[in-house]
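Enquirer: Here it is, the structure, as structure tokens.
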Ligand SMILES: [Zn+2]
């Protein structure tokens, strides 16, 4: 069940991060990590700028959240991410033991669900929060990119 007072609110914050990626000509995916209704990390995809295929929004958010907490486990935290995590990010989330993953748009080809990536047994998952907004920004990005080339 989507809670409009926090899931939607925090997904909007993740969408703001996606917009920052968009403005830098990065594939627009954004993430925030929340603990006790407070954002402790925010990040967006930076694979082009860092020239690093691992610089997905989620990976950077995990690192930032662990830095903030001074510990590597994120058991009490929720990750909000605009796109369904890929295998790499879902795999990393296993090691963080994150409490919950909430994502926006589905990723049929490279998302962790169709690829059957194992999450930590304690990690809950909720998809489809602001799904339209989250996929719209990606569609807009790829349309603009196509028109430029
Ligand atoms: Zn990823």
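Enquirer: Go through the range 27-39 residue by residue and tally those that are within 13 Å of the ligand (Cβ to nearest atom) and more than 19 Å from residue 74 (Cβ to Cβ). Give the derivation first.
Expert: Here is the first cut: in the range 27-39, the residues within 13 Å of the ligand (Cβ to nearest atom) are 27, 29-31.
Going one step further and asking which of them are more than 19 Å from residue 74 (Cβ to Cβ), we end up with 27.
Result for the range 27-39: 1.
Residue-by-condition table, conditions (1) within 13 Å of the ligand (Cβ to nearest atom); (2) within 20 Å of residue 135 (Cβ to Cβ); (3) not in a helix (DSSP H, G or I):
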residue: 41; (1), (2), (3): no, no, yes
residue: 49; (1), (2), (3): no, no, yes
residue: 53; (1), (2), (3): yes, no, yes
residue: 62; (1), (2), (3): yes, no, no
residue: 67; (1), (2), (3): no, no, no
residue: 72; (1), (2), (3): no, no, yes
residue: 80; (1), (2), (3): no, yes, yes
residue: 89; (1), (2), (3): yes, yes, no
residue: 95; (1), (2), (3): no, no, no
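Enquirer: Then there is this: Within the range 7-26, work out how many residues are within 26 Å of residue 70 (Cβ to Cβ) and within 16 Å of the ligand (Cβ to nearest atom).
Expert: 2
Enquirer: Any chance the range 137-147 includes a residue that's buried (at least 18 other Cβ atoms within 10 Å of the Cβ) and either assigned to a loop (DSSP other than H, G, I, E, B) or without any contact (Cβ under 8 Å) to a residue 40 or more places away in the chain (or both)? Give the derivation first.
Expert: Filtering the range 137-147 down to residues buried (at least 18 other Cβ atoms within 10 Å of the Cβ) leaves 137-138, 141.
Imposing the further condition that a residue be either assigned to a loop (DSSP other than H, G, I, E, B) or without any contact (Cβ under 8 Å) to a residue 40 or more places away in the chain (or both) reduces the set to none.
No, there is no match, as no residue in the range 137-147 is buried (at least 18 other Cβ atoms within 10 Å of the Cβ) and either assigned to a loop (DSSP other than H, G, I, E, B) or without any contact (Cβ under 8 Å) to a residue 40 or more places away in the chain (or both).
Enquirer: Checking the condition more than 16 Å from the chain's Cα centre (by Cα) and modelled with pLDDT of 95 or more, which residue from 115, 46 passes? Quick ask: steps written out before the conclusion?
Expert: Values: 46 fails: more than 16 Å from the chain's Cα centre (by Cα).
Answer to the check: 115.
Enquirer: Given the conditions (1) over 23 Å from residue 1 (Cα atoms); (2) surrounded by fewer than 17 Cβ atoms within 10 Å (Cβ to Cβ); (3) touching a residue at least 40 places away in the same chain (Cβ under 8 Å), which single one is not true for residue 76?
Expert: Unmet condition: (1).
Enquirer: Now for a separate question. Would you be able to tell me the number of residues in the range 28-39 that are touching a residue at least 40 places away in the same chain (Cβ under 8 Å), closer than 17 Å to residue 16 by Cβ and part of a strand (DSSP E or B)?
Expert: Step one: of the range 28-39, the residues touching a residue at least 40 places away in the same chain (Cβ under 8 Å) are 28-36.
Now narrow it down to the ones that are closer than 17 Å to residue 16 by Cβ: 28-34.
Still in the running and part of a strand (DSSP E or B): 30-34.
Residues in the range 28-39 being touching a residue at least 40 places away in the same chain (Cβ under 8 Å), closer than 17 Å to residue 16 by Cβ and part of a strand (DSSP E or B): 5 in total.
Enquirer: Follow-up. Among (1) more than 14 Å from the ligand (Cβ to nearest atom); (2) in contact with a strand residue (DSSP E or B) (Cβ under 8 Å, 6 or more places away or on another chain), where does residue 4 come up short?
Expert: Answer for residue 4: the failing condition is (2).
Enquirer: Can you tell me which residue within the range 97-106, out of those that are crowded, with 20+ Cβ neighbours inside 10 Å, closer than 19 Å to residue 122 by Cβ and away from the ligand (no atom under 13 Å from the Cβ), is nearest to the chain's Cα centre (by Cα)? Explain how you work it out, then say what you get.
Expert: Start the filter on the range 97-106 by keeping residues that are crowded, with 20+ Cβ neighbours inside 10 Å, which leaves 98, 101-105.
Then drop every residue that is not closer than 19 Å to residue 122 by Cβ, which leaves 98, 101-103.
Next cut, away from the ligand (no atom under 13 Å from the Cβ) only: 98, 102.
Working: 98: 13, 102: 8 Å.
My answer is 102.
Enquirer: Moving to a separate point now. When you go through 71, 127 one by one, which is the residue that is within 24 Å of residue 1 (Cα to Cα), surrounded by fewer than 24 Cβ atoms within 10 Å (Cβ to Cβ) and out of contact with any helix residue (DSSP H, G or I) (no Cβ under 8 Å at 6 or more places or on another chain)? If you could, list the steps in order and put the result at the bottom.
Expert: Values: 71 fails: within 24 Å of residue 1 (Cα to Cα).
Result: 127 is the single residue among 71, 127 that is within 24 Å of residue 1 (Cα to Cα), surrounded by fewer than 24 Cβ atoms within 10 Å (Cβ to Cβ) and out of contact with any helix residue (DSSP H, G or I) (no Cβ under 8 Å at 6 or more places or on another chain).
Enquirer: Moving on. Residues of the range 107-124 being out of contact with any helix residue (DSSP H, G or I) (no Cβ under 8 Å at 6 or more places or on another chain), loosely packed, with under 15 Cβ neighbours inside 10 Å and in contact (Cβ under 8 Å) with a residue 24 or more places away in the chain, which ones?
Expert: Restricting attention to the range 107-124, the residues satisfying the condition of being out of contact with any helix residue (DSSP H, G or I) (no Cβ under 8 Å at 6 or more places or on another chain) are 107-109, 111, 113-114, 116, 121-122, 124.
With the extra rule that they be loosely packed, with under 15 Cβ neighbours inside 10 Å, the set shrinks to 108-109, 114, 116, 121-122, 124.
Across the range 107-124, the qualifying residues are 122, 124.
The values are calculated or read from the model by the stated rules, or taken from the named source; none is laboratory data. Model, not experiment: these values are computed from the prediction. Neighbour counts are summed over all protein chains in view; Cβ atoms, including those assigned to glycine, are modelled from backbone coordinates with ideal geometry.
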